[in-house]
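> Before I ask anything, let me first share the structure, which is written out below as structure tokens.
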Amino acid sequence: MKIHEVIITSCDKANNHHIAPMGINIIGDEVIVRPFKPSKTLDNIRETKSAVVNFIDDVRVFAGIVTGAKRKWGLKKIRGDQVMRLDDTNSYFLLRVNSENDDQVRPKITCDILDKKMYRPFLGFNRAQFSVIEAAVLISRLGMIPMDKIYKELEYLKIGLDKTAGKVELEAWSWIEAKLQNFEIENDS
Ligand SMILES: Cc1cc2nc3c(=O)[nH]c(=O)nc-3n(C[C@H](O)[C@H](O)[C@H](O)COP(=O)(O)O)c2cc1C
């Protein structure tokens, strides 16, 4: 099934917001979100029954969160709802949970789209943006997949990065490299 890489914003009842990259499915007027257990995103969606899908072309948000280089990003209120959107998102879908299929590893949460808004056209990912998203997925799995696979894939992804990156993508890549270095130092014993 086709997966869109997005940023999910969610909050708990006490209004503590959380931002996380996720892959979602869009089927007509429904969105399926599949957060792993345990995750803050899952807890929040269960608590408030809502979330926002942010479609954003600033790939630093993906890299910043999974590397820990920058976890906080500007948020803006959506009129009439508690959960906020990314300030700089190109567009968003506001979701309300419709049903949940629980699972030991990765529950499947089906949501209705209550509202959609577009602020800036999404011009499509270039190769550098694609490389950062792929690298962010690899980094989010550090310790779970073999290091030689990570190095090999990063080396390949760097080709597209070197050919097409702007300042934003280079900054995101520097966070990926720093995270990898720290991971190597921490695990070199
Ligand atoms: C592009 C991308 C897609 C991801 N998709 C998912 C996903 O569908 N489900 C998930 O649980 N984590 C996914 N992750 C990893 C989460 O973003 C990461 O583990 C995050 O910390 C989620 O946990 P949290 O809600 O507790 O922050 C993805 C990461 C990236 C970079």
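> Taking K77, is it more than 28 Å from L142 (Cα to Cα), basic (K, R) and surrounded by 14 or more Cβ atoms within 10 Å (Cβ to Cβ)?
Taking the combined requirement at face value, the residue does not satisfy it.
> Just to be sure, is D29 crowded, with 17+ Cβ neighbours inside 10 Å and either more than 10 Å from the ligand (Cβ to nearest atom) or over 25 Å from G124 (Cβ atoms) (or both)?
When the stated conditions are applied, D29 does not pass them.
> While we're on this one: What pairs come up if the first residue lies in the range 72-98 and is under 15 Å from H17 (Cβ atoms), the second is modelled with pLDDT under 95 and open to solvent by less than 70 Å² (accessible area, probe 1.4 Å), and their beta carbons are under 9 Å apart, counting only those six or more places apart or on different chains?
Listed pairs, sorted by first residue: L94/D81.
> For the list (1) over 17 Å from Y119 (Cβ atoms); (2) modelled with pLDDT of 95 or more, I need the number of the one condition that G80 fails.
(2)
> Would you check which residues across the range 97-144 are more than 23 Å from V66 (Cβ to Cβ) and in contact with a Phe, Trp or Tyr (Cβ under 7 Å, 6 or more places away or on another chain) and list them?
Within the range 97-144, I113, K116, K117 meet the criteria.
> If you don't mind, another one. Quick check on the range 1-21: of everything there that is closer than 21 Å to S140 by Cα, open to solvent by less than 80 Å² (accessible area, probe 1.4 Å) and more than 10 Å from the ligand (Cβ to nearest atom), which residue is farthest from the chain's Cα centre (by Cα)?
H17
> Go through the range 44-58 and report how many residues are open to solvent by 10 Å² or more (accessible area, probe 1.4 Å) and not in a helix (DSSP H, G or I).
4
> What residue, of R34, R71, is within 14 Å of the ligand (Cβ to nearest atom), closer than 20 Å to I176 by Cβ and open to solvent by 40 Å² or more (accessible area, probe 1.4 Å)?
Of the residues listed, the single one that is within 14 Å of the ligand (Cβ to nearest atom), closer than 20 Å to I176 by Cβ and open to solvent by 40 Å² or more (accessible area, probe 1.4 Å) is R71.
> Taking the stated definitions as given, is I24 part of a strand (DSSP E or B) and more than 8 Å from the ligand (Cβ to nearest atom)?
no
The values are calculated or read from the model by the stated rules, or taken from the named source; none is laboratory data. Because the structure is predicted, anything quoted here is derived from the model rather than measured. All Cβ positions, glycine included, derive from the backbone under ideal geometry; neighbour counts span all protein chains shown. Note: accessible area is taken over every heavy atom of the protein model, side chains too, but ligands, DNA and RNA are not part of it. Shrake-Rupley method; radii C 1.70, N 1.55, O 1.52, S 1.80 Å.
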